[in-house]
Amino acid sequence: MQVDQEENTKVRHRMWKELSKSPFVMIGLVGSHDHHEPMTAQLDPDADSEFWFYCNKDNRVAKGGEAMAQFASKGHDIFACIHGTLTEETRQEIFDKYWNNQVEAWFEGGKEDPNVMMLRFDLKDAEIWEGDQSLTGKFKMLTGQTIDAREAGKHAEVTL
């Protein structure tokens, strides 16, 4: 079921909130035949149009460009396919801002590792599915009845 602009905004904010709880996505470059890979997004809680990744300079997405990221929330009630652009983040203050012990564990040389880099994912658009079924929809699903689209959750196509 498509939703109006106000609902799109609510769904987008809910997706961002869920992504902050479980910041793991599958990401890959558009047009590449390389498989997408899991990465941990570094999020700014006050922004909803960009996030960052630390990776090795020889990582399959390190060259940047048009990319797609897929996300499923912990409770599997939000799913998203996010389209955007990966660009090397060169601002040292951003690199330092998100560096933490979990990130450091991936890089033998820590912050000074010559192979570490940061990518910024600038979101362009996303397709988001919110699987918050209505009580009637859940009952129908349990009893094998046909579920109407309005009872199955929300679907938003969002341009950022």
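Below is a table of values for the structure above.
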| read-out | value |
| --- | --- |
| Pair list, Cβ < 6 Å and 6+ apart or interchain, from the stretch 117-129 residues that are on the phi > 0 side of the Ramachandran plot to residues that are assigned to a strand (DSSP E or B) and buried (at least 21 other Cβ atoms within 10 Å of the Cβ) | none |
| Of residues in the stretch 132-150 being surrounded by 14 or more Cβ atoms within 10 Å (Cβ to Cβ) and in contact with a Ser or Thr (Cβ under 9 Å, 6 or more places away or on another chain), the one modelled with the lowest pLDDT | LYS140 |
| Scan of the stretch 1-44 for residues that are touching a helix residue (DSSP H, G or I) at 6+ places or on another chain (Cβ under 7 Å) and more than 15 Å from ARG120 (Cα to Cα), ordered by number | MET1, VAL3 |
| Helices (runs of 4 or more DSSP H) contained in the stretch 1-115 and holding at least 1 residues exposed (fewer than 12 other Cβ atoms within 10 Å of the Cβ), acidic (Asp, Glu) and more than 16 Å from the chain's Cα centre (by Cα) | 5-21, 92-98 |
| Inter-residue pairs, beta-carbon under 7 Å, first touching a residue at least 60 places away in the same chain (Cβ under 8 Å) and of a type in the set (Lys, Arg) and in the stretch 8-32, second in a strand (DSSP E or B) and surrounded by 15 or more Cβ atoms within 10 Å (Cβ to Cβ), 6+ apart | ARG12/ILE128; ARG12/ALA156; ARG12/VAL158; ARG14/ILE78; ARG14/GLU130 |
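The values are calculated or read from the model by the stated rules, or taken from the named source; none is laboratory data. All values derive from a computational prediction rather than experimental measurement. Note that each Cβ is placed from the backbone with ideal geometry, even for glycine, and that neighbours are counted across all protein chains shown.
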